[in-house]
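Heads up, the thing below is written out as C-alpha cells.
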Amino acid sequence: MSNYINLSIKEIHVLLKEKKITPIDLVNECIKKIESSDLNAFITLDKEGALKQAEELSKMEVSDDLLFGIPIAIKDNIMVNGLRCTCASRMLDNFTAIYDAGCIDLIKKHGMIIIGKTNMDEFAMGSTSETSYYGAPKNPWNKDKVTGGSSGGSAASVSAGLVPMALGSDTGGSIRQPSSFTGIVGMKPTYGRVSRYGLVAFASSLDQIGPMTRNVYENALLLNAISKLDRRDMTSFDTNEDFTRKIDKPLENFKVAIPNYFVSDIVDSEVKNKILEIKKLLEDNNVKVDFIDIKHIDKTVTLYQIIAMGEASSNLARFDGVRYGFSYPNPTSLDDLYSKTRKFGFGNEVKRRIMVGSYLLSGENAKTYYNKALEIRDDLQKNFLKVFDNYNLIIGPTTARCAYDLGDKGDDPLKSFMDDVLVMHANMGGFPSLSMPVGFNSEHLPIGLQIIGNLRDEATIYGLASFIEKNIKEDFSEVRNGL
Amino acid sequence: MDYKITVGIEVHCELKTKEKIFSPSLSCYGSMANTNINVIDLGYPGTLPLLNKEVLEYAIRACKVLNLNITHDMHFDRKNYFYADNPKNFQITQNETPIGRDGYVEIDVDGVKKKIEILEMHIEEDTSKSVHGEKSSLLDFNRAGVPLIEIVTKPCINSSVEAVKYLEKLRELLLYANVSDCKIEEGSMRCEPNVSISKTEKFGTKVEVKNIGSISNVGEAIEYEVARQKEILEKGEVLKEQTRRFDDKTKTTILMRVKETGNDYRYFPEPDIPFVHLTDEFIEKSLHDLPRMPDDRRNDYEKAGILPINIEKIIANKALSDYLERFLDINLVIASNLLLGDISAYLNKNNISISDTKLTDDKFRDLVNKLDKKEISNKIFKDILNDIMETDKNINTILDDKGLNLINDDSLIDTLIDKVLSDNSDIVNQYKSGNERSAKALMGLLMKEGKGKINPSSANQKLMEKLNS
Amino acid sequence: MLSKEEVMHVAHLARIEIDEEELEKYQRDLKILFDEIDKIKDLDDFDEDRMFSPCENAFDLDRRNVEVDKDNLLLNVPKKKGNFIEVPVMINE
C-alpha cells in the first residue's frame, strides 16, 4: 500500500505539484486504509463521490493552495449535500443532507476531497463516542480503549492515518478530549469563528466546529480555510488573518497561567506531572509561568450542564417524524407520532439529556437554573478575560486522565460529565482552546495539553503550541506508521 | 346591580415586510404549497434564524403610532411546544423584553374619548398553514416565518362597542403606518378577545374567543359571551376558564377546550440571535418616512371644509387619502369632490387606478386650480375628463384644441350681455317687475350665447350689475 | 426525588414515551443529576445584572443578499400528499 497520506501536507503538495501523484492516488489510499481498518471510525464512506471529485481535480492545474487535493473526513453532524447525515442516531439513519454547511462550502472551494462522515456520540452527546447508534469507534493506540468523544471517529481516523485531516465539533470538549485521547492536535476556535450553518445543533451557545490534524501547523492551515464570515449564522465573525503567522516565531515576553484547579486532585498524577514538565520546559525558555485562581472555575461544569441540556432539549425538539428523519409508522394520533418517534429514534443518553433539559426549563425552573447560569456565565467570561489582561495564554491538561476502557463508563449519568470538567470553560466563555499531545502515560496512551487563548487569539495559541511541539521528544506518529 | 363587563384583546398582525422574519424567503403565502420556503422555514437541522432588520423598523413604526415605549435592549425567546404547524417545535417570540410597552389607542364613543391601554407589543414568527381532513392534516410551510406583531391590551375595555371602536382604530393606525394589510378575512389580522363579567371589583372568570372573522363579529362574540355568562351565573352555576370559537353562521361561541392549568412553554432566551440594542439612530431612521396618521388628516380635511361624510369616505380609502397628501396646498373640497365623484367613477368604470392614467400630479393640481378660479366650468371639466385621463396633453392644450378656453375678456362679456338683454327685453321686464327667477333664465341664455365658454361667475356678477342698474 | 407524576409531565413536555421500567430509571437518574445541578442554588457571589450573550449586538450583522438553500426540500419527508406534508389529524387548533 502506498503511504503518501502519512507525509506532511507540504510534502504531499510538492508531489502533487510535480505531478508525481494525483489526488486520485490520495483518495485510493484513504479508501483502502479505511476499508481495511477495524476502528469503526466512519459511518459513511463516499468512495464514488470522492473518486469523482479526485478525477476532476486531477484534470486541473494544481493551485498554490496547500490544501488542494487533500482528503478530509467530516464529523457526521455537519451537512455535506447529497451525503447521509446521521448524527450517529437512528433518528437520522435515513436522512440525506440537502445542503452544504458553511465550512463545507469552504472545504470544497479549497479543492479538498471529502472522503466520508465520521462516527461520533449520538447528536454529539457523550465523551466516548459509545452512544453512537453504529457502535463505538476504537482508539488506534489500544483498541480496548475509547477514542473519547463526541468527535471520536474524526480523532481515530486522523490518529491512525486513515485521513490527514478531519473536522469535528466541540460543545464541551468534543474536539479536544478525543484529540487528547488519540494523540492528535484539535482546536476549538473562538465562538463564531467557524460558521455553524449546517452543523446540527446540540447546544447553540456552546457549539463550534474546528480542525483535527496530526500537527500544529496543519491545524492552523485548516482553520485558515474554514473560518470566514457567513451571513447565515448571526454569531459569525471574521478577522481576516493568517493563523500560521506566529508559528516558529520566538516567544518574547511570554506569560502563561496555570489555574490551580487544573492541577488539583481531580487530575491523574501522571497527567499532572506531564503538565509540570511542560511548565519547566517553558520556564527554561524564559516563559513566565504562574499558578492562579479563577473564580467559579470549579463550579462551571454544573452551569455548563444546565445550559447544554436546556438548549439541547429545545434544539432536538424538531426531530418529530414530520418533516424528515425516522417516523414511527401508523401512529394513532399526532402525539403518538411524536412520542413514539422520539422513544424509538433517540438513544438513552440523548433521551436522558432531553428529559433533564426539559425539566430545567419547565415552570419557574428556567429562572432558577438557565437564566441564573447565563448570569454566572457572564461573570465567568469576565474572570477569564481578566486573566488575559496579564497572561498571553492559560494552559493545563485537556483531560484529567488518559483514554480508558470501552464500557468503563457504563450508564452512570454523572460520569458523562466528568470528562468535560477541564475543557468546557472555553465553550462557556467562547474562548479558543487547543489540545496537543505532549507525552504518554505508563500504558503508552497519549496525554494532552490544553492551551486556552483570549477571544479571537488563536494565532498566539498556535505560536506556543508549535514551540512545545518542536521541543518535546515524543513521537505520536507511530500508530500511523505501524499500520 | 348589573354586571360589569371586562374585555382584554390580543391582536396578531402580519407585518408586510418583503422577507420573512428569520429567513430570506419572500413573506407571502399565496403560492403553491411548500414552494415559498427554504431550509430555515422547514426547521431543518443545522439551520439558524437570521433576523430581518426590516421587521424591527416596522415594529418600531407600530410602537410609535400606538404610543408604546420602545425597549432599547431586547432579545428573543424560544417558546417551546410541540405542534405540527410549528416547524422547530419552538416558536421564536419575545417573552421577557417585548419591543413595546405601556401604550394606548384613543377611541371616541358617542363623543366621549377613552384611552384603551396597551400592555405590550412583541414580535414573533407565524406558524405554517394546515388543512384538516378526517384522518390527516396537510401542512403548507409557506406562511411559516412570516413576521407578526402581537398587541395585548390591559383588561380595560368595558363594552362590545368599545372593543369594536378599539379594533377599528387599531386597524386604521397600523394600516396608515404601512405596517400591515390588516385584512381580517385573509388572516393578516387576528383578534382574540377575552371576556369576563363580574358584580364586584374582582374580575370574573376569563373566557377567550378565537376564530373571529371580522371586527363586527368581535362585537357580536362579546355580546353573546356576556349574555351566555350572565345566564350561567344567574343560574348559580360556576364559569370555567376556557377557550371558545366564534361561529359565524349561528353568531354564537362554541367550546374548544377548557384551559389546562398553566401552559409550560419553557421560555428561554434564543441563543442563536445575539441580543439586540436598538440605537436612537436606528429608531429615528425607522420613523423617518412614517406617513401622517388619519386623525391629523381628518383635521386638515375638516379645516378645508370637506363634509364629514366625505372625510370618512376618504379615510376609509387609504390610497385616496395618500394621494390627497400630495395636494394639501390646493382646494381640498374641489379635489376631494373630483376624486370621490367623476374621477373615481371614471376609474371604476375602467377598472383602473390613478397611476394607470395620464393624470399627472401637475395636471391634477392645474385642474383643481382652474376649477377653483372658475377658469373652467364643471360642464367643460366633464367634457374634457377623458382627454385629461387618456392623453399626455396638459389642460390648456386640451382646452385650446377643443376651443373650450373660457372667455375672461370683460369687454367681450359686456357685448354678449348687452346682446342678450336687448334680445330678451320681455324677460328683463319680468325681472324688473319682481320675478327674480327671470335672472336665472337670462343667465342661461347668456351662457348659451357664450357657447359655455364664458367664466360663469364673473359673467353672472356683471349681468346682475346691469340688471340692477 | 421527582415524583412519578413529575417525570411523566416532563416526558410529556419532551414528547418521549416511557414505560414503567424507564419511569423508575428516570426517577433515579434525574435525582442524581439534580443533586449535582442544585448546587447552583448556593452560588450567590456573582453579578446579576447581565445574561451572557455570545455576541454583542445582532445589529453588527446584515443579512442582505443572503442566500439560503432551498432545493430538494421535500426529499426527506416521511409522508407527503402532493406538495403537502401529511400528519395525523391535528386537534386543538
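Just so you know, all these numbers are worked out from the coordinates, no wet-lab data involved. Just so we're clear, the structure is a prediction, and the values are computed from it rather than from any experiment. Note: ideal-geometry Cβ built from the backbone for every residue, glycine included; neighbour counts use all protein chains shown.
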In vacuum, with every alpha carbon of segment A:1-92 counted as one equal point scatterer, what does the Debye formula give for log10 I(q)/I(0) at q = 0.21 Å⁻¹? Two decimals, please.
-1.09
How large is Rg over Rh for the protein assembly as shown, taking Rg from the Cα atoms and Rh as the Kirkwood inverse mean of 1/r across Cα pairs?
1.13
Kirkwood-based Rg/Rh on the Cα set of segment A:349-432 evaluates to 1.05
I'd like the per residue volume of the convex hull spanned by the Cα atoms of segment B:197-252, given in cubic angstrom.
81
Between the helical axis of B:160-176 and the dominant principal axis of chain B, each derived from Cα atoms, what acute angle in degrees is found, rounded to the nearest 10?
70
So for the pair residue B:279, residue A:35, with labels modelled 7 Å out along Cα→Cβ, what separation do we get in nm?
5.9
May I ask you to derive the FRET efficiency for residue B:254 and residue B:135 from their Cβ-Cβ distance with R0 = 22 Å, giving the value to the nearest 0.05?
0.45
Regarding segment B:4-282, what's the average projected area of the Cα-atom convex hull, expressed in nm²?
16.3
Taking the Cα of residue A:288, stepping 7 Å toward and past its beta carbon, and measuring to each backbone N in segment A:379-418: which are under 12 Å?
A:390-392
So for R0 = 41 Å, FRET eff. of residue B:391-residue A:109 from the Cβ-Cβ r, to 0.05, ends up at 0.10
Compactness index (Cα Rg / 2.2 N^0.38 Å), segment B:410-468
1.00
For segment B:100-153, state the average projected area of the convex hull of the C-alpha atoms over all orientations, rounded to one decimal in nm².
6.1
Which value in deg cm²/dmol, rounded to the nearest 500, describes the helix-derived mean residue ellipticity at 222 nm for the protein assembly as shown, given -39,500 (n - 2.57) per DSSP H run of n ≥ 4 and division by the residue count?
-11000 deg cm²/dmol
Summed over the other residues with a beta carbon less than 15 angstrom from that of residue A:17, with K and R at +1 and D and E at -1, the charge totals -3
Packing-ranked peptide list from B:13-21, B:277-285, highest mean Cβ count within 10 angstrom first, is B:13-21, B:277-285
Ratio of the Cα radius of gyration of segment A:161-235 to 2.2 N^0.38 Å, where N counts its residues:
1.06
Over 18 Å (Cα to Cα) among B:382/B:451; A:255/A:386; B:129/C:80; A:249/A:473; B:419/B:453 -> A:249/A:473
Between the alpha-carbon centers of segment A:65-89 and segment A:1-63, tell me the distance in whole angstrom.
14
For the cross-link pairs B:154/B:210; B:183/B:285; B:374/B:402; A:138/A:343, which exceed 24 Å when the distance is taken from alpha carbon to alpha carbon?
B:183/B:285; A:138/A:343
For the peptides B:422-435, A:376-389, A:10-23, A:160-173, what is the packing order when you average, over each peptide's residues, the other Cβ atoms within 10 Å and list the highest mean first?
A:160-173, A:376-389, A:10-23, B:422-435
Check cross-link reach from residue B:379 to the aspartates and glutamates: straight Cα distance under 12 Å, and skip same-chain residues fewer than eight apart.
B:342
What is the distance in Å between the Cα centroid of segment B:58-88 and that of segment A:194-273?
35
Run the paramagnetic zone check for residue C:81: 7 angstrom along Cα to Cβ, then residues of segment B:127-151 with backbone nitrogen under 19 Å.
B:128-143
What's the angle, to the nearest 10 degrees (0 to 90), between helix B:361-372's Cα axis and the longest principal axis of chain B?
50
Debye sum, Cα scatterers, segment A:305-352, no solvent: what log₁₀ I/I(0) at q = 0.25, 0.30 1/Å?
-0.91, -1.12
Need one number: convex hull volume per residue for segment B:292-402, Cα atoms only, in Å³.
100
Please report how far the C-alpha centroid of segment B:1-56 lies from that of segment B:193-219, rounded to the nearest whole angstrom.
25
Let me have the relative contact order for segment B:292-402, percent, based on Cα pairs under 8 Å that are six or more residues apart.
21
Suppose each label sits 7 Å from its Cα in the direction of the beta carbon; what would the residue B:426-residue B:287 distance come out to in nanometres?
7.4
For chain C, place one equal point scatterer on every Cα, skip the solvent, and apply the Debye formula. What is log10 of I(q)/I(0) at q = 0.15 Å⁻¹?
-0.98
Geometric extent, Cα atoms of chain A - Rg, Dmax (angstrom)
21.2, 71
Enumerate by residue number the GluC sites (Glu not before Pro) in segment A:37-108 meeting two conditions: DSSP loop (anything except H, G, I, E, B), and at most 13 other Cβ atoms within 10 Å of the site's Cβ.
A:61
Pairwise FRET efficiency - residue B:316 versus residue B:242, Cβ, R0 = 35 Å, nearest 0.05:
0.45
At 0.692 mPa s and 37 °C, plugging the Kirkwood radius over alpha-carbon pairs of segment A:115-195 into Stokes-Einstein gives what diffusion coefficient in µm²/s?
272
Computed over the Cα atoms of segment A:24-158, what is the ratio Rg over Rh, Rh following Kirkwood?
0.98
Distance cut-off 22 Å, Cα to Cα: go down the list A:382/A:470; A:272/A:415; A:32/A:52; A:75/A:108 and report the pairs above it.
A:382/A:470
Gained length - residue B:158 relative to residue B:362, 0.36 nm times residue gap less alpha-carbon distance
68.5 nm
If one compares the long axis through the Cα atoms of helix B:378-390 with the longest principal axis of the Cα atoms of chain B, the angle in degrees, nearest 10, works out at 50
Tell me the Kirkwood hydrodynamic radius of chain B in angstroms, computed as one over the mean inverse distance between distinct C-alpha pairs.
26.9
